[in-house]
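Accompanying notes for the structure given below.
The values are calculated or read from the model by the stated rules, or taken from the named source; none is laboratory data. If you're wondering where the values come from, they're calculated on a predicted model, not measured in any experiment. Cβ placement follows ideal geometry from the backbone for every residue including glycine, while neighbour counts extend to all protein chains displayed. All accessible areas refer to the heavy atoms of the entire protein, side chains included, with ligands and DNA or RNA removed. Shrake-Rupley method; radii C 1.70, N 1.55, O 1.52, S 1.80 Å.
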Amino acid sequence: MLDKKNLREGLSFYNTISRKKEKFVPLNPGRVGLYVCGPTVYGPVHLGNVRTFLVFDVLYRYLRWLGFQVKYVRNITDVGHLLHDADEGEDKVAIQARKEGKHPMELADHYTRYFEDVMQTFKLHPPNISPTATGHLIEQQGFIEKLSQTAYAYSSHGSVYFDIHRYAKDYSYGSLSGNKLEEQKSLSRPLQGSSAKQAPEDFALWKKADPNHIMRWPSPWSDGFPGWHTECVVMSQSYLGLPFDIHGGGMDLIFPHHECELAQSLALTGNPLAQYWLHANMVVFQNKKMSRSEQSTLPALKDFEDLRIFPHPEAFRMLVSQAHYRSTLDLSETALISAQKTYLRLINGLKTLKSFQTPRASTPQEDLERKIKKACEGVWQAMNDDLNTAVALSHVFDILSYIRAVEEGQATLKDLSPETHTDMKNTYIACVEEILGFSFPQAFGSSELPDTRIDLLLRLYVKNKQAKDYDSVEIIRAYFKAHGISFQERRDGTLSWKYT
């Protein structure tokens, strides 16, 4: 029987900052603060972004399923993220707004809604709080004022910068990313004469706006805008306190973004921002990292349902689940079609399993009993071992082999004890539906085909066949096929159906 208390106590994650797996112990028993860096809303999200948010959706689901009370915060960056993640140049939102002939905030609002629509399409749970950078300007200015009173920040020509070299005297800069300051100095470009920085490695806390910069706000230093690295450190601690439990994001954010967040927190308070740092790896498409800057995205994601390469959003969720979140994910048409088939096998097994009745009496087959118990234990051991969904799924498919054997008459429900049958059923349903987030297909083509309509049509099919109305039989069969449903007649005359 599932013991969630023991599972909670055995949970571990790979912590980027320690570079090892650590037992998860929340700061406040029973409660978890989770912050995930959200998108910069200057264009359509790509599947690399979606993978990151899917990973943390599974984490959020699992923590809640274990019984934790989770406060999940995922921000929206709508200002301050400059081109190439630099401190000079133009804001990504402003650049795209000019291209589209829109006000920057109009563009940011448009792509924020676009992002939320994509998250809903992929059936991600919304975070508890979704703060925006522009909605927290006062808090950011207050944070920068406090930091300016320390030795770790300085004002220059209306901008405020974080002094990396001064910070490095007291703290280990690069502890999160492994990037050493000496190496950065050798790779950094020399400062231009017009630069307000004291050193190339310093980063902006507040940036004075150029005369043509539309997105600007008054501050004690200048009319300007906050630095990208300051936004997240302020929003995360505003809602989760300092420190909080888990900080997540894509692996490409480890440096400089998360490294700079950590530096600001330590410089101002002496406390690390978060206890655990979790990072999802990249999606590789056509041998390139998937990113908007590299233009290696699929065509507009809102139209993905019409693409031959993307049969169903659940296919991508399956593809993500089949790989460990810290490994790269190769995206291809072949991989997606295979994942689609795997998803349908999994969901057909779920449909069949839910129809099973727990046997009151049984004659357990020892080998089978042992195999199913091992599979159930394996699911939770894998999920507890740094959220290893790939291994968890392999154990789920061990359970699926038994479900299919029962369906095909090669095994019976009485082959398992009632206790093991119940454990198997609870494990499969919890892992597939509640944690990995898979659900039954609803849309095939442009319409929905609920189970009640399927059952009604099946009865009509049998009636027409008995009446030898074969034209009507073929019409019903074609209708099912058009909606991704197949069915078969058993020897006893009953019909069963599945998603295809």
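Could you tell me whether Thr363 is of a type in the set (S, T, N, Q) and either on the phi > 0 side of the Ramachandran plot or not in a helix (DSSP H, G or I) (or both)? Before you say what the answer is, go through the steps one by one.
Working: of a type in the set (S, T, N, Q): yes; either on the phi > 0 side of the Ramachandran plot or not in a helix (DSSP H, G or I) (or both): yes.
Taking the combined requirement at face value, the residue satisfies it.
When you scan the range 1-61 for strands (runs of 3 or more DSSP E) that lie fully inside it, which ones turn up with 1 or more residues that are open to solvent by 10 Å² or more (accessible area, probe 1.4 Å) and hydroxyl-bearing (Ser, Thr, Tyr)? First the steps, then the outcome.
On the way: elements: 12-15, 20-23, 31-36.
Once the strands (runs of 3 or more DSSP E) in the range 1-61 are filtered for at least 1 residues that are open to solvent by 10 Å² or more (accessible area, probe 1.4 Å) and hydroxyl-bearing (Ser, Thr, Tyr), what remains is 12-15.
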TODO: Could you run through the range 233-256 and say how many residues are more than 24 Å from Glu183 (Cβ to Cβ) and assigned to a helix (DSSP H, G or I)?
DONE: 7
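Here are some residues: Thr363, Thr358. Which one is in contact with a Ser or Thr (Cβ under 7 Å, 6 or more places away or on another chain), surrounded by fewer than 16 Cβ atoms within 10 Å (Cβ to Cβ) and over 30 Å from Phe13 (Cα atoms)? I'd like the intermediate steps shown before the answer.
Details: Thr363 fails: in contact with a Ser or Thr (Cβ under 7 Å, 6 or more places away or on another chain).
On inspection, the qualifying residue turns out to be Thr358.
Filter the range 316-339 down to the residues that are under 15 Å from Val432 (Cβ atoms) and assigned to a helix (DSSP H, G or I) and list them by number.
Filtering the range 316-339 down to residues under 15 Å from Val432 (Cβ atoms) leaves 317-318, 320-322, 339.
Matches in the range 316-339: Arg317, Met318, Val320, Ser321, Ala339.
Can you find, within the range 392-404, the residue that is nearest to Gln357 (Cα to Cα) among those that are open to solvent by 20 Å² or more (accessible area, probe 1.4 Å) and free of Cβ contacts under 8 Å to residues at least 40 places away in the same chain?
Pass one, the range 392-404, residues open to solvent by 20 Å² or more (accessible area, probe 1.4 Å): 394-395, 397-398, 401, 404.
Applying the additional criterion that residues be free of Cβ contacts under 8 Å to residues at least 40 places away in the same chain yields 394-395, 398, 401.
On the way: Ser394: 24, His395: 22, Asp398: 20, Ser401: 18 Å.
Applying the filter and picking the extreme gives Ser401.
Examine the range 433-440 for a residue that is of a type in the set (Val, Ile, Thr), under 21 Å from the mean Cα position of the chain (by Cα) and either part of a helix (DSSP H, G or I) or modelled with pLDDT of 95 or more (or both), and state whether such a residue exists. Working first, answer last.
At the first step, the residues of the range 433-440 found to be of a type in the set (Val, Ile, Thr) are 435.
Retained after the next criterion (residues that are under 21 Å from the mean Cα position of the chain (by Cα)): 435.
Cutting the leftovers down to either part of a helix (DSSP H, G or I) or modelled with pLDDT of 95 or more (or both) gives us 435.
Within the range 433-440 (the criterion being of a type in the set (Val, Ile, Thr), under 21 Å from the mean Cα position of the chain (by Cα) and either part of a helix (DSSP H, G or I) or modelled with pLDDT of 95 or more (or both)), the answer is yes, since at least one residue qualifies.
Just to check your reading of the model, which residue among Thr427, Thr389 is in contact with a Cys (Cβ under 6 Å, 6 or more places away or on another chain) and modelled with pLDDT of 95 or more?
On the way: Thr389 fails: in contact with a Cys (Cβ under 6 Å, 6 or more places away or on another chain).
After ruling out the rest, the residue left standing is Thr427.
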Task: Every residue from the range 151-182 that is under 12 Å from Leu266 (Cβ atoms) and open to solvent by less than 20 Å² (accessible area, probe 1.4 Å) - done: Phe162, Tyr167, Tyr173, Leu176
TODO: Can you tell me which residue among Phe255, Phe285 is in contact with a Ser or Thr (Cβ under 6 Å, 6 or more places away or on another chain), over 18 Å from Phe13 (Cα atoms), of a type outside the set (Val, Ile, Thr) and open to solvent by 40 Å² or more (accessible area, probe 1.4 Å)?
DONE: Phe255
Task: the range 212-232, residues that are crowded, with 19+ Cβ neighbours inside 10 Å and farther than 25 Å from Asp386 by Cβ - done: Met215, Ser219, Trp221, Gly224, Phe225, Pro226, Gly227, Trp228, His229, Thr230, Glu231
Open item on the list: For the structure I just gave you, tell me whether Thr342 is under 21 Å from the mean Cα position of the chain (by Cα) and either closer than 30 Å to Tyr276 by Cα or part of a helix (DSSP H, G or I) (or both).
Closed with: yes
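Is there a residue in the range 136-147 that is in contact with a strand residue (DSSP E or B) (Cβ under 7 Å, 6 or more places away or on another chain), without any contact (Cβ under 8 Å) to a residue 60 or more places away in the chain and not small (Gly, Ala, Ser)?
no
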